Amino acid sequence: MAGETTITLVGNLTDDIDLRYTPAGVAMAKFTVASTPRVFDRTASEYRDGDPLFLYCTAWRELAEHAAESLSKGARVSLTGRLRLTRWETPEGEKRSAYGLDVDEIGPSLRWATAKVNRMTRTKAGNVPDFAPDDLWTNASPNRPDPAMPAAA
């Protein structure tokens, strides 16, 4: 998308992917990726771990379901997405902010692993927005809604 900061990150999942469904039945997944650079310490003449980066990630719809089914804690992943800044205020009135990633693509890193790819058939969902805001997470359920039941208002 024009004007958005797109980044590619390689790192490890810090926990299993948390998959939930909005009241409208849209799949959403939240997870954290840790990326730790290796830096050369000239004084010791050896490599050491640098400062880790922890990035909170969100994936939507089929991507969310596929990632949750395919990847687990500790998996080394390669992902691309749009960097987002979220701002909020604590109950004590302190202003806070954090960066996160709206994931467009994710997959296992094949540098030290192998994977078998299963192509999924694509289905067109109903009236699904291009981007669902993060505040839907608070109303999301880990269970897919029953299509026979009307969505809660």
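The values are calculated or read from the model by the stated rules, or taken from the named source; none is laboratory data. The structure displayed is predicted, hence computed values, not measured ones. A quick note on method: Cβ atoms are made from the backbone with ideal geometry, for glycine too, and the neighbour counts reach across all protein chains shown. Note: areas computed on protein heavy atoms with side chains; ligands, DNA, RNA excluded. Shrake-Rupley method; radii C 1.70, N 1.55, O 1.52, S 1.80 Å.
Do any trypsin sites (Lys or Arg not before Pro) in the range 1-59 lie in a loop, going by DSSP, with at most 16 other beta-carbon atoms within 10 Å of their beta carbon, and if so which?
Here the sparse-neighbourhood loop sites are 42.
Note down the nm distance, to one decimal, between modelled labels 7 Å out along Cα→Cβ at residue 8 and at residue 41.
Reported label-point gap for residue 8 and residue 41 is 3.1 nm.
Let me spell out the model: positive unit charges on the Cβ of Lys and Arg, negative unit charges on the Cβ of Asp and Glu, origin at the Cα centre of the range 1-121. What dipole size does that give, in debye rounded to 20?
It comes to approximately 260 debye.
Give the residue list of GluC sites (Glu not before Pro) in the range 24-125 that are DSSP loop and have at most 15 other beta-carbon atoms within 10 angstrom.
Here the GluC sites (Glu not before Pro) that fit, given the DSSP loop and packing criteria, are 92, 94.
In whole percent, and with a 1.4 Å probe on the protein chains, what portion of the accessible area of the range 8-102 is carbon and sulfur?
Details: 2620 of 5670 Å².
C and S atoms contribute 46 percent here.
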